[in-house]
Amino acid sequence: MAKPILLTVDDDSDVLRAIERDLRSHYGAEYRVLASDSPLGALDLLKQLRLRNDGVALLLADQRMPKMDGVGFLQEARDIFPEAKRALLTAYADTNAAISAINDASINYFFLKPWDPPEEHLYPQLDDLLDDWRASYRPAFEGIRVLGTRWSPRSYELRDFLARNHVPYQWVDVELSANDPETSRLLEALGPETANLPVVLFPDGTKLLEGAPADVAQKVGLRTRAQTSFYDLAIVGGGPAGLAAAVYGASEGLHTVIIEREAPGGQAGMSSRIENYLGFPAGLSGGDLARRAVVQAQRFGVEILSPQEAISVRTEGSYRILTLADRSELSCHALMIASGVQWRRLEAPGIDRLQGAGVYYGGGATEAISCKDETVYVVGGANSAGQAAMNFARYAKRVVILVRGESLSSTMSQYLIDQIQRTPNIELWAHASVAEVHGVGHLEEISVMCSDTDKIERVPANAMFIFIGALPRTDWLTNVVERDDRGFILTGPDLLWEGARPKGWTLERDPFLLETNVPGIFAVGDVRHGSVKRVASGVGEGSVAVQFIHQYLSKV
Ligand SMILES: Cc1cc2nc3c(=O)[nH]c(=O)nc-3n(C[C@H](O)[C@H](O)[C@H](O)COP(=O)(O)OP(=O)(O)OC[C@H]3O[C@@H](n4cnc5c(N)ncnc54)[C@H](O)[C@@H]3O)c2cc1C
């Protein structure tokens, strides 16, 4: 924890040095002593300290200073750090001014110069003041703070990114907490820069205006560039399948890298509670699973580049070469595509305009708490929608699940249906689909098409979360690996047509079970044609594929 600060201000450098020395020798173990020779400079410094969330315990200023006297300084400083104790250093001749300052300007104490010996004339009084200050001092949050507004898509994107990458941060909604004095002081310290939300404040005192995930990633040390140019195994996608392959590959000696576009964990990372993964009888959150898997992979030396995206691949002899979004390249002997699937877009007027401002695809883990006491709509009838509804029901006043069909029974697991039925603030609206969404700046209402009555109903809504199935995004692999008509990658036996090996295949063996039509390029998990869309099956495929990779590498 950073030490709280004692700040002393005096334009006379001899006096400043003397008071600084005495403060440091007595309080240096517990406090950081800062000194400034100008009241205006000291006010600037206080604004910086406010942005860094530092604690200031004491302001000690000389009364006689040019441009601004001690009382003036302490009065202005009070607006920035109202909780700090304020004391004046005065000459005997200024005693009257000091006494009236105590009354008029709420100054806590005044010291006469010289204060020798400090054991008698300085420390006992300061000890009292600092004891007082400590009694009501609550150490401030020391990590990253994000200032923004709930309905800003950029703020949402950034918070989602930080949460999914397990970067701890404090969220300050400047609209919701507009009346909070702490927020007002922060905004004042930022001045005109408040126009550039979201603003990210780092504990080292630096800040990012209009912070974008990639900039923040760099700043917090997430790695986006590969350390070497060649790997035994490169894995595109850090979901359960990719992470499992990395753990098995690296633990068996393969020099392994994962390239992940958003955050390790993939879709599973968005799940509020996975209840059917073996070994976790009470269930576990996707975020927790992802965090554990990342630690496990890193323990075996896996390099994880995130956020980073693979945008194309080519083969040169036995090398598979990936181009990444920043145009850098890395090559490998074995390439694994574990890029999963992404949410299908909902086609309805208004959706794109309000995305990130009340309309969200997927779990919106960061949004659940913001939905406290509100009405939330969940669109979709699969397990992911059911889990999300259960999660939102902990915070929202009312959760409405919209499904096109007449019930959930054909699309959702029975254990989730049972949980939903037992949860009083979840309602099912069957035969319903979203016709349009409305709102200025953020979602306010949705129009729902009711297929049983052929009528459109317009209802108020604070937030809408869409879970309407997913498709792979594999366009970047066009003309490299064979895919089905929906973009899922074909592997192993799916590539054999009436016993014939795929076009261009030159090896004296069939493609391995999880191998594509390009030797040494494998596909696992949800992106694979015919895969079972489950965490356990992705993990299983990722680990099994490593066996085939060893066989492949033994002949490269
Ligand atoms: C909300 C929700 C709840 C779920 N609950 C359960 C459950 O309870 N039980 C269960 O068994 N299953 C559940 N599932 C399904 C399960 O999460 C998936 O089957 C599983 O995550 C698939 O793993 P994967 O590794 O194949 O792909 P994904 O998890 O989709 O991961 C793929 C990763 O690849 C990345 N990527 C994509 N393209 C690129 C590229 N070009 N470059 C770099 N990176 C790229 C993506 O960003 C993503 O992180 C749930 C899914 C969701 C969405």
Quiz item: Once you sort the root eigenvalues of the Cα gyration tensor of region 1-134 as a ≥ b ≥ c, which label holds: rounded (a/c under 1.5), prolate (a/b larger than b/c) or oblate (the other case)?
Solution: rounded
Quiz prompt | Solvent-accessible surface (1.4 angstrom probe) belonging to D11, in square angstrom, nearest 10 | solution = 70 Å²
Quiz item: Heavy-atom accessible area of Y137 with all protein chains present, probe 1.4 Å, nearest 10 Å²?
Solution: 40 Å²
Exercise. Enter the angle in degrees (range 0 to 90, nearest 10) between the Cα long axis of helix 286-299 and the first principal axis of the Cα atoms of the chain, meaning the one along which they spread out most.
Key: 90 degrees
Exercise. Quote the relative contact order of region 1-93 in percent (integer), defining contacts as alpha-carbon pairs under 8 Å separated by 6+ residues.
Key: 32 percent
Practice problem: Just check the chain against the gyration tensor rule for me: Cα atoms, a ≥ b ≥ c as the square roots of the eigenvalues, rounded for a/c under 1.5, and otherwise prolate or oblate depending on whether a/b exceeds b/c. | Solution: prolate
Quiz item: By the gyration tensor of its Cα atoms, with a ≥ b ≥ c the square roots of the eigenvalues, what is the shape of region 210-280: rounded for a/c under 1.5, prolate for a/b over b/c, or oblate?
Solution: oblate
Quiz item: At a Förster distance of 30 Å, what's the computed FRET efficiency of R458 paired with V220, Cβ-Cβ distance as r, to 0.05?
Solution: 0.10
Quiz item: Want the number for L40 to T194: 0.36 nm per residue separation, take away the alpha-carbon distance, what's left?
Solution: 53.2 nm
Self-check item: region 51-132: trypsin sites (Lys or Arg not before Pro) falling in loop per DSSP and having at most 10 other Cβ within 10 Å
Solution: K67
Quiz item: By how many nm would the segment from R291 to E175 lengthen if fully extended, with 0.36 nm per residue of separation less the alpha-carbon distance?
Solution: 38.6 nm
Quiz item: What is the gain in length, in nm to one decimal, between R501 and K3 on full extension, counting 0.36 nm per residue of separation less the C-alpha to C-alpha distance?
Solution: 172.4 nm
Practice problem: Sequence neighbours fewer than 8 away in the same chain don't count; with that in mind, list the aspartates and glutamates whose C-alpha is under 12 Å from K47. | Solution: E76, D79, E188
Practice problem: Sum -39500 (n - 2.57) across every DSSP H segment of at least 4 residues in the chain, then divide by the residue count to get the 222 nm mean residue ellipticity, nearest 500. | Solution: -9000 deg cm²/dmol
Practice problem: Over region 154-223, average the accessible area per residue using a 1.4 Å probe and give it in Å², no decimals. | Solution: 49 Å²
Self-check item: Over 28 Å between alpha carbons, listed pairs K455/K533; K219/K397; K372/K533; K85/K372; K85/K219; K503/K555
Solution: K455/K533; K219/K397; K372/K533; K85/K372; K85/K219
Quiz item: Of all the accessible heavy-atom surface of region 456-510, with the other protein chains kept in place and a 1.4 Å probe, what percent is carbon and sulfur?
Solution: 49 percent
Practice problem: Could you check the simple spin-label distance between H550 and R353, using points 7 Å along Cα→Cβ, in nm with one decimal? | Solution: 5.8 nm
Exercise. Only residues of region 92-120 count here: report those whose backbone N is under 15 Å from the spot 7 Å along Cα→Cβ of S25, or say none.
Key: 115-120
Exercise. For region 233-261 and region 333-348, compute the distance between their C-alpha centroids and round to whole Å.
Key: 16 Å
Quiz item: Can you give the accessible area of D232 in Å² (nearest 10), computed on protein heavy atoms with a 1.4 Å probe?
Solution: 40 Å²
Quiz item: Does anyone have the angle between helix 123-135 and the longest principal axis of the chain? Alpha-carbon axes, 0 to 90°, nearest 10?
Solution: 30 degrees
Practice problem: Would you compute the Debye intensity of region 338-472 from its alpha-carbon atoms alone, equal scatterers and no solvent, and pass along log10 I(q)/I(0) at q = 0.20 Å⁻¹ to two decimals? | Solution: -1.23
Quiz item: What nm value, rounded to one decimal, do you get for the distance between L112 and S451 when each label is placed 7 Å out toward the C-beta?
Solution: 9.0 nm
Quiz item: Can you work out the FRET efficiency for the pair R154 and T228, with r the C-beta to C-beta distance and R0 = 22 Å, to the nearest 0.05?
Solution: 0.05
Quiz prompt | Protein-only accessible surface order, largest first, of D475, D160, D69, D452 at 1.4 Å | solution = D475, D452, D69, D160
Exercise. For region 122-190, calculate the relative contact order in percent as a whole number, restricting contacts to Cα pairs under 8 Å that are 6 or more residues apart.
Key: 30 percent
Self-check item: Rounded tilt (10° steps) of 153-164 against the dominant C-alpha axis of the chain
Solution: 80 degrees
Exercise. Have a look at the DSSP beta bridges in region 69-205 and tell me what percent are antiparallel, nearest 5.
Key: 25 percent
Quiz prompt | Value of relative contact order over the chain, rounded to a whole percent, pairs C-alpha under 8 Å and six or more apart | solution = 11 percent
Quiz item: According to a simple spin-label model (label point 7 Å from Cα along Cα-to-Cβ), what is the distance in nm between F141 and D11?
Solution: 4.1 nm
Exercise. Only bridges with both residues in the chain count here: give the DSSP antiparallel percent, nearest 5.
Key: 35 percent
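The values are calculated or read from the model by the stated rules, or taken from the named source; none is laboratory data. Just so it is clear, the structure is predicted and the values come from calculations on it, not from any experiment. Cβ sites come from the backbone with ideal geometry, for glycine too, and all protein chains shown count toward neighbours. In case anyone asks, the SASA skips ligands and DNA or RNA and just uses the protein heavy atoms, side chains included. Shrake-Rupley method; radii C 1.70, N 1.55, O 1.52, S 1.80 Å.
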